[in-house]
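A.B. asks: Quick one: the structure is below, and I'll ask about it shortly.
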Amino acid sequence: MAVLSLPSLPGPTYSNPNPTRTWIRTPRYSPRHRSIKLTATLNNNPCSPAGDFLRQLSVSSVLLIGVGLSSLWAFSSPASARISPASPLSLAHAQETLDTNNGGEFENLENIEDEEMRAAFERWKSKTYALTVPLRIVALEGSLPPIWVREFLKSQGKRVRFRPEFRRSLRDIFHELSNPFNKGKINRKSAVAADLVTLGDSWLNFAIGKGLIEPMKGAEDQDWFQDLSDKWKVYLRRSSEGNLDSQGRIWAAPYRWGSMVIAYNKKEFQNHKLAPVEDWSDLWRPELAGKISMVDSPREIVGAVLKYMGASYNTTNIDSQVVGGKYAVLQRLELLVQQVRLFDSQDYLKAFRAGDVWVAVGWSSDVLPVAKTMSNVSVIVPKSGASLWADFWAVPNASRLVTDQIGGRVRGPSPLVEQWVEFCLQPERALPFKEEIIAGASPISLKSTVEGPQQRRNGRPKLDTNLIANIPPAEILSRCELLEPLSEDALSDYRWLIQSLQKPHHSIMNRLTRSISSTVPAFWSKLQSKAA
């Protein structure tokens, strides 16, 4: 700090006991003030003649001192010093001079800058920045009620960027999940880059065993899981190999389920005076030989035989758990193969609609939409019970893939995954199923049934069925079973049964063998290596 003191001058007597005038240099880096300010400590009469005289004298003195020092510095410094940056002292004096002579101009400039900054700040505050959270799902075509998408977007507001995509079959989704791990090539539009995908119950254990999906974190503490029946909770807990495990983790969340059904043409039955179909045993009736079409799933074909014989779909050892063992099952399987005209999961309903067959055996998700477009058709769940199918939400294990091709998804699923699963399992989401807008039922309805008559909409005829809002009656539902993963022993029994079919059914055997090899690739390869 520079201090300049001047002696008191003759003039009027002032009451200030200390007539010393002091000028204080303020730091140059102060952003809101002048580089140098002159402060005079005067008496209570700043407008007196002496005050004016002292102010003029002080300014003149500072200017003279500054000019003199600058001149001396210029002459005494070497040539190299003159091209270096100006000293702080000279800059201070120059700034003081500018402030003194042009104070008004700088004051105006500062006001203009302040106004511009204030206006810029107001413009910045007025801007809106929308935080959007992405959620991409890949679902089975026809498994998701369209109203769910609209209602979810409405519940989340503008903050969610929801992108549902659809595939024609569960097999397509499973292959999209598998390809990046098999080939090392990743398509950011494939199912593996999604936050959630649809998996069918028959694919779930293989997806877990191959590491294609990851566990659903914190699922046990979420409302959707706690509201499920014990039947679901037991079924969802799996080991890292995909087998049921009471201490296992939760790998998927169900959002739709249904059952195997039998549809038959009532008109043809009436014309030929045939009794209606009520149970699995009716498939072995001689008058229906060559009049049946059925899916080509080995689990469903052998399962129908097991159910007819009073056993479980989830029989782990046929010899010890079924009366007569494998040979008795093989005998019934041979007779069923003679009854069925077509084993084909793609075309079994085309043959039924065309009238080539009178009975169709398949999944309710396939059969019900077709049956509702036909007249004189009845759809029943067999009295002794049937298998239950289910569609699940699962999280692809994209974090296993070391790549930057799929963007942010490699760092983990969307934070909206939990909200979407919770949304799908709310009681309100069951309405499209109850109104038969879409085939299936909500998972929360597995522990309860819907009573009351059905009503068809849009003038369509009422479908003759024992299903109520797509749910089997309580006494039949209690005998239905979710399909559990096959053990290696059970799969070995299935393989033996199919390969033991008589030679006239060679084409059927080949079709079922291909079906098993594509459905259970992990176990099938093990069995082939053992056989070799």
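The values are calculated or read from the model by the stated rules, or taken from the named source; none is laboratory data. These numbers come from a predicted model, not from an experiment. Reconstructed Cβ throughout: ideal geometry from the backbone, glycine too, with neighbour counts over all protein chains shown. Each accessible area value is taken on the protein alone, full model and side chains, heavy atoms only, with ligands, DNA and RNA left out. Shrake-Rupley method; radii C 1.70, N 1.55, O 1.52, S 1.80 Å.
A.B. asks: Give the residue, chosen from I147, I186, that is within 19 Å of Q426 (Cβ to Cβ), touching a Leu at 6+ places or on another chain (Cβ under 9 Å) and open to solvent by less than 90 Å² (accessible area, probe 1.4 Å).
C.D. replies: Just a single option satisfies the conditions, and that option is I147.
A.B. asks: A further question follows. So, in region 219-263, exactly how many residues are under 16 Å from A430 (Cβ atoms) and acidic (D, E)?
C.D. replies: Residues of region 219-263 under 16 Å from A430 (Cβ atoms): 223-224, 227-229, 232, 253-258.
Now narrow it down to the ones that are acidic (D, E): 223, 227.
Total satisfying the criteria: 2.
A.B. asks: Look at region 140-161 and say how many of its residues are modelled with pLDDT under 90 and under 26 Å from D172 (Cα atoms).
C.D. replies: Qualifying residue count, region 140-161: 1.
A.B. asks: Hey, another quick one. Looking at region 449-506 only, could you name the residues that are part of a helix (DSSP H, G or I), modelled with pLDDT under 85 and open to solvent by 40 Å² or more (accessible area, probe 1.4 Å)?
C.D. replies: K503, P504, H506
A.B. asks: So, one more: For the condition open to solvent by 40 Å² or more (accessible area, probe 1.4 Å) and not basic (K, R), what is the one hit in D356, D344?
C.D. replies: D356
A.B. asks: Here is a list: S202, S155, S169. Which entry is in contact with a helix residue (DSSP H, G or I) (Cβ under 8 Å, 6 or more places away or on another chain), open to solvent by less than 60 Å² (accessible area, probe 1.4 Å) and among the polar types (S, T, N, Q)?
C.D. replies: Working: S155 fails: open to solvent by less than 60 Å² (accessible area, probe 1.4 Å); S169 fails: in contact with a helix residue (DSSP H, G or I) (Cβ under 8 Å, 6 or more places away or on another chain).
Result: S202 is the single residue among S202, S155, S169 that is in contact with a helix residue (DSSP H, G or I) (Cβ under 8 Å, 6 or more places away or on another chain), open to solvent by less than 60 Å² (accessible area, probe 1.4 Å) and among the polar types (S, T, N, Q).
A.B. asks: How about region 269-326: which of its residues are in contact with an Asp or Glu (Cβ under 9 Å, 6 or more places away or on another chain), over 28 Å from R353 (Cα atoms) and not in a loop (DSSP other than H, G, I, E, B)?
C.D. replies: I318, D319, G325, K326
A.B. asks: Considering region 163-186 alone, what residues qualify as being free of Cβ contacts under 8 Å to residues at least 60 places away in the same chain and over 30 Å from V370 (Cα atoms)?
C.D. replies: Matches in region 163-186: S178, N179, N182, K183, G184, K185.
A.B. asks: The conditions are (1) touching a Leu at 6+ places or on another chain (Cβ under 8 Å); (2) open to solvent by 50 Å² or more (accessible area, probe 1.4 Å), and I250 fails exactly one of them. Which is it?
C.D. replies: That leaves (2) as the condition not met.
A.B. asks: A follow-up question, please. Can you tell me which residue among I262, I292 is open to solvent by less than 20 Å² (accessible area, probe 1.4 Å) and in contact with a Gly (Cβ under 9 Å, 6 or more places away or on another chain)?
C.D. replies: Values: I292 fails: in contact with a Gly (Cβ under 9 Å, 6 or more places away or on another chain).
Within the list I262, I292, the selection yields I262.
A.B. asks: Yes or no: region 206-214 includes at least one residue that is of a type in the set (V, I, T), part of a helix (DSSP H, G or I) and open to solvent by 20 Å² or more (accessible area, probe 1.4 Å). It would help to see each step written out before you state the result.
C.D. replies: Restricting attention to region 206-214, the residues satisfying the condition of being of a type in the set (V, I, T) are 208, 213.
In the following step, the residues that additionally are part of a helix (DSSP H, G or I) were identified as 208.
Next, from what is left, pick out any that are open to solvent by 20 Å² or more (accessible area, probe 1.4 Å): none.
Looking for residues that are of a type in the set (V, I, T), part of a helix (DSSP H, G or I) and open to solvent by 20 Å² or more (accessible area, probe 1.4 Å), one finds none in region 206-214, hence no.
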